[in-house]
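Report on one structure; see the data block that follows.
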Amino acid sequence: MEEVCARFVSQKISKARWRPLPAAALQPPDLFATGSWDNEDNRISIWSVGDAGSAGLNGEYQGEPQLLCDIRHNGDVMDMQFLDQERIVVGSSTGSVTVFRHHQNNQTLSVSHRWENAHYHADQYTACGGAACTGVICNNPEIVTVGEDGRINLYRADQKDAVRTIDRSYTPPNFKSLKYVSDMFLYAFRLHVFFNALLTSVADNADSSTLHAVTFLRTTEILTVNSIGQLKIWDFRQQRNEPAQIFSL
Amino acid sequence: MEEPDTEPPLTVVPGADPSRTQLCFEWGPAEMLLCETLFGRRGGEGRVAPGGSAGPAPTGCGVAGGGDGAPGPSRVFVVRRDQDIYMETLRKLFNESHGIFVGLQRCEEERAARARNAQLVQVSKNYRSVIRACMEDMHQAAISARDSALHSQYSIQVSILSAMELIWNLCEILFVEAAPAIPSLCKAGPLLLRLLDWVQLHICDVDNMVREVLGSENPSKHKLFWNVVNIFVLQGRMDEARHLLSKEAIANPTSMNMYKILDDLMKKMPVPSLGNTQTLTEMELKWQHWHEECQRYLQDGTFASNSHMESICKILLGDENAILEKKELMTTWYHFLVTRLLYSHPTVKPMELRFYAQAGNIIIFISSSLMHRKITSSMDMFLGEESSPEPLDTILMAAFEFELHQVIKECSIALSNWWFVAHLTDLLDHCKLLQSHNLYFGSNMREFLLLEYASGLFSHHSLWQLGVDYFDHCPEYGRVYLELHIERIPLNTEQKALKVLRICEQRQMHEQVRSICKIMAMKALRNNRLGSALSWSIRAKDAAFATLISDRFLKDYCERGCFSDLDLIDNLGPSMLLSDRLTFLGKYREFHRLYGEKRFSEAARLLLMLMTAHIAPCSFWMTLLTDALPLLEQKEVIFSAEQTYELMRCLEDLTARKLDKQKFQDDDVETMKVEMLRLALARNLARVIVKEGTLEGS
């Protein structure tokens, strides 16, 4: 049984991530980041494990993790990913997605970029319109986020706005204006149009239920899962806002 | 109702001014809301009150509400009695003690009384080590705090924690270890040894003195030398005292004789030891002999020339005055008590303690004008507006007198948080020391305290998860309390809601599951997330809500002409059967899909079935019939004669029903639709009769 080293931090940790190593690295990672939730004051923290060269015989870690730096985070940390060696992308319960930068020279964290209303329900700019961002996945420089609003956002790390957003649009065909048509032919034609519309478009839906998680399959394809147990593959090369495939559990 | 024992303390809420406006209030689960009303005591402009800093135990913080005109904005104050749970450094205490508590409840009852006793002592030691760890952290925080207010807050907490540990340790010695239920285990004297340990552990100024003296070049000439020797003797640390005395003997050869005798006496002192299997009588005999020997030497004047050694001999004889002379070294009355016992009655039994621990001891002690710092620093936190005997003294006194209920009561009054009394009472209950003393509410003391503590935890935004386990282990009211509290946890993300749901589902709290799912479904519905709402109501098996959502879907379809969230409806599976409306929705969508795949005859059959089997709501029949129109107008004949007759019947049923409720308005579109349908049905009938009447192949 390996040794377990426990350290008490006075907060509930929702996510912990190892810092990714450069491809040619041989030693195991020595730095990890944690994000907390359910606190009035949530924090992102960076910890270091052991000193270089103090790994035991089996490559296990000795000693407690040491806190290097931390920074305040607004809302619960719902998901967290390292974008590269220095940047961390965090999805929040307020609906915002933040990129933090870890400065290694003086061991501090700072906010590099924030997309404030990445996920929202009704109105993008009302205070309580935010929907929690439930999943974040990175493939430098692209970042994909999903949320409780059923929206999928594709960001690029250095760009201010979303590159692509797959969401619902609310432009229903309005047939009420045709209420007073009395011609039978036109009426039948309208019905036919109804059915055609029905069959060809699925309206612009990303997902009607909450999206719980997302991952990259290929550089241009992602896989999402929602709260009713459906897996959907989305291809960003396609212009339509439709899943390429749906699997149901 | 009983009378309160003490006057309730006056609490000042910073910023609230009752002389300016009338205040109203409302009790909450763990806090109180105080609000400024518009009714002033006298008319006039309101002053802007400065933001309040934390007062004594309760904290008030003001939230500015809107307010136009008149005497300034009304403010709402939140007054919390227990601000300890919000201290980050104390979270360790709550979390770790939670672990110990749950472990205690769940561990198997040991059969052998001895093993059980050892188990309980271990639990008690675990609790104490958690308190000490927390004290350490708090001490570190106090040192590194730059703000002086914060520093003092932390220091106060450190002294509160050390007082708690002191009390707990004494309770462990007197109640848990003593285990009066097992008389055969009461060997001679372990109680006194443990009390000595207890005293040594908690009077820590001694170590500094000792270090100073031993570190000096010539210890025996140090001015504190005799102080150290005396304190060793007072605390029963004979070996260390002898070691120091030997240095004095070397430095001062003239007193070698006296030293040898004293050393011998100290060596021969019968000490009750834990491993010793001597009986009580043996021990007492030995002690009596030794006592007489000391007496002889004293009366012979052996130590007459050295006052220090003489006073040591008197102490060995248990002379109260001699011991009292060293008051400043002992610093507390309970030290005095233990020393007294050591030198007058070392084989004391727990039950006999009360005769020694009478109020007289305190009066002798506190009447001295010298109040040592150690006393006041431990008592600081208890001193509010009360000036009477320090609560710590009262608590310890009650413990010595074996008044368990008094101990618990005094602790409850003195501390601002239920943590201490809840855990201590639970431990004592496991030792079977508390009689089941029914309170007014039908539960016993242990359960009452645990319920109060857990309720306090639930008011915290994060510690609510701990409270769940505490409620689980309250047999009588725990479940009810949990049911009420768990519904009121604010759920701002789905993840948190799922966690809460899992807790409810594990405990078969179906009502609460339904209620929480309904809340989440309503939220989703309000945000127009129909799929999410539907999945929540399916989880709760809430047929009524599922019907509501299906109606919304259908309404959306009627308005927009197409379905939203097809992926959800297509994949309902067996949960379609939850409600009739939902089944209809699923089947209707299937009809559309069949039409899309050009499987017209199956689509036609399904459509008909929806109407004839009464799965479709009556309000939707018109839409269904209208959907049948394209099928009727297809080039090939889809509906058979039978089916056409059925459709006609449905149409007539529908129009008949409508005629009953008809207002005398002419709805052009409606009548036109009905006309069209009749025409289409008739035409289809005509074609199908011809087709069915035709022989195949001819």
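The values are calculated or read from the model by the stated rules, or taken from the named source; none is laboratory data. Everything numeric in this text was worked out from a predicted model, so none of it was measured. Backbone-built Cβ (ideal geometry, glycine too); neighbour counts: all protein chains shown.
Evaluating A:ALA131 against the criteria (1) surrounded by fewer than 20 Cβ atoms within 10 Å (Cβ to Cβ); (2) modelled with pLDDT under 90 leaves one unmet condition, (1). The number of residues in the range B:276-312 being in contact (Cβ under 8 Å) with a residue 60 or more places away in the chain, polar (S, T, N, Q) and surrounded by fewer than 16 Cβ atoms within 10 Å (Cβ to Cβ) comes to 3.
Yes or no: the range B:3-11 includes at least one residue that is loosely packed, with under 15 Cβ neighbours inside 10 Å, touching a Gly at 6+ places or on another chain (Cβ under 6 Å) and either assigned to a loop (DSSP other than H, G, I, E, B) or at pLDDT below 75 (or both). For the range B:3-11, residues loosely packed, with under 15 Cβ neighbours inside 10 Å, touching a Gly at 6+ places or on another chain (Cβ under 6 Å) and either assigned to a loop (DSSP other than H, G, I, E, B) or at pLDDT below 75 (or both): present. Taking helices (runs of 4 or more DSSP H) as the structural unit, those lying wholly within the range B:164-262 and holding at least 3 residues that are at pLDDT 85 or above correspond to B:190-202, B:225-234, B:238-251. Only residues that are more than 9 Å from chain A (Cβ to nearest Cβ), part of a helix (DSSP H, G or I) and touching a residue at least 60 places away in the same chain (Cβ under 8 Å) were counted across the range B:78-99, and they come to 6. Selection of the range B:539-548 for residues being within 14 Å of chain A (Cβ to nearest Cβ) and either surrounded by fewer than 24 Cβ atoms within 10 Å (Cβ to Cβ) or not in a helix (DSSP H, G or I) (or both) yields B:ARG539, B:ALA540.
Among residues of the range B:588-611 that are within 19 Å of B:GLU636 (Cα to Cα), those with a beta-carbon under 6 Å from a residue that is polar (S, T, N, Q) and modelled with pLDDT of 85 or more at least six positions away or on a different chain give the pairs B:LEU608/B:GLN643. Only one entry of B:MET269, B:MET330 meets the criterion of being modelled with pLDDT of 75 or more and under 39 Å from the mean Cα position of the chain (by Cα), and that entry is B:MET330. Looking only at residues of the range B:610-632 that are part of a loop (DSSP other than H, G, I, E, B) and not aliphatic (A, V, I, L, M), we find that the one that is nearest to the other protein chains (Cβ to nearest Cβ) is B:PRO617.
Considering the range A:145-158, the residues that are surrounded by fewer than 24 Cβ atoms within 10 Å (Cβ to Cβ) and closer than 18 Å to A:ASP84 by Cβ include one that is farthest from the other protein chains (Cβ to nearest Cβ), namely A:ASP158. Taking the conditions (1) under 30 Å from B:TYR645 (Cα atoms); (2) modelled with pLDDT under 85 in turn, B:GLU597 satisfies each one other than (2).
Counting only residues that are surrounded by 17 or more Cβ atoms within 10 Å (Cβ to Cβ) and within 14 Å of chain B (Cβ to nearest Cβ), the range A:13-38 holds 6 of them.
Output the residues belonging to the range B:556-588 that are outside any helix (DSSP H, G or I) and on the phi < 0 side of the Ramachandran plot.
Within the range B:556-588, B:CYS562, B:PHE563, B:SER564, B:ASN571, B:LEU572, B:SER579 meet the criteria.
Yes or no: B:GLU401 among the acidic types (Asp, Glu) and surrounded by fewer than 22 Cβ atoms within 10 Å (Cβ to Cβ)? Yes, satisfied. Look at the range B:12-31: where a residue is under 30 Å from B:ILE489 (Cα atoms) and a partner is among the charged types (D, E, K, R) and assigned to a loop (DSSP other than H, G, I, E, B), sitting 6+ places away or on another chain with Cβ atoms under 9 Å, you get B:LEU23/B:ASP17; B:PRO29/B:ARG488; B:ALA30/B:ARG81; B:ALA30/B:ASP82; B:GLU31/B:ARG81; B:GLU31/B:ASP82. Checked against the criterion of being more than 14 Å from chain A (Cβ to nearest Cβ), closer than 17 Å to B:LEU685 by Cβ, of a type in the set (Asp, Glu) and in contact with a Leu (Cβ under 7 Å, 6 or more places away or on another chain), the candidates B:GLU646, B:GLU636 yield just one match: B:GLU646. Beta carbons closer than 9 Å, at least 6 apart along the sequence or on distinct chains, pair a first residue in the range A:1-26 that is assigned to a strand (DSSP E or B) with a second that is surrounded by fewer than 16 Cβ atoms within 10 Å (Cβ to Cβ) for A:TRP18/A:PRO28; A:TRP18/A:PRO29.
Could you tell me which residue of the range A:214-228 is nearest to the chain's Cα centre (by Cα), considering only residues that are under 18 Å from B:SER564 (Cα atoms) and in a loop (DSSP other than H, G, I, E, B)? Selected residue: A:SER227.
Checking each residue in the range B:396-426 for being over 15 Å from B:LEU166 (Cα atoms), in a helix (DSSP H, G or I) and acidic (Asp, Glu) picks out only B:ASP426.
Just name the residue that is surrounded by the most Cβ atoms within 10 Å (Cβ to Cβ) out of those in the range B:554-565 that are farther than 17 Å from B:TRP536 by Cα and at the interface with chain A (Cβ under 9 Å from one of its Cβ atoms).
Selected residue: B:SER564.
Kindly indicate whether any position in the range A:176-184 is at pLDDT 55 or above, part of a loop (DSSP other than H, G, I, E, B) and not β-branched (Val, Ile, Thr). Taking every residue of the range A:176-184 in turn, none turns out to be at pLDDT 55 or above, part of a loop (DSSP other than H, G, I, E, B) and not β-branched (Val, Ile, Thr).
Can B:ARG106 be described as more than 21 Å from the chain's Cα centre (by Cα) and basic (Lys, Arg)? Answer is no for this residue. For the range B:589-603, the criterion of being part of a helix (DSSP H, G or I), within 12 Å of chain A (Cβ to nearest Cβ) and among the aliphatic types (A, V, I, L, M) is met by at least one residue. Any idea how many residues of the range A:202-249 are at pLDDT below 85 and either more than 27 Å from B:ARG560 (Cβ to Cβ) or more than 13 Å from every other protein chain (Cβ to nearest Cβ) (or both)? Summing the residues that are at pLDDT below 85 and either more than 27 Å from B:ARG560 (Cβ to Cβ) or more than 13 Å from every other protein chain (Cβ to nearest Cβ) (or both) in the range A:202-249 gives 3.
When the test is whether a residue is at pLDDT below 90, of a type in the set (A, V, I, L, M) and part of a loop (DSSP other than H, G, I, E, B), A:ALA188 does not pass it.
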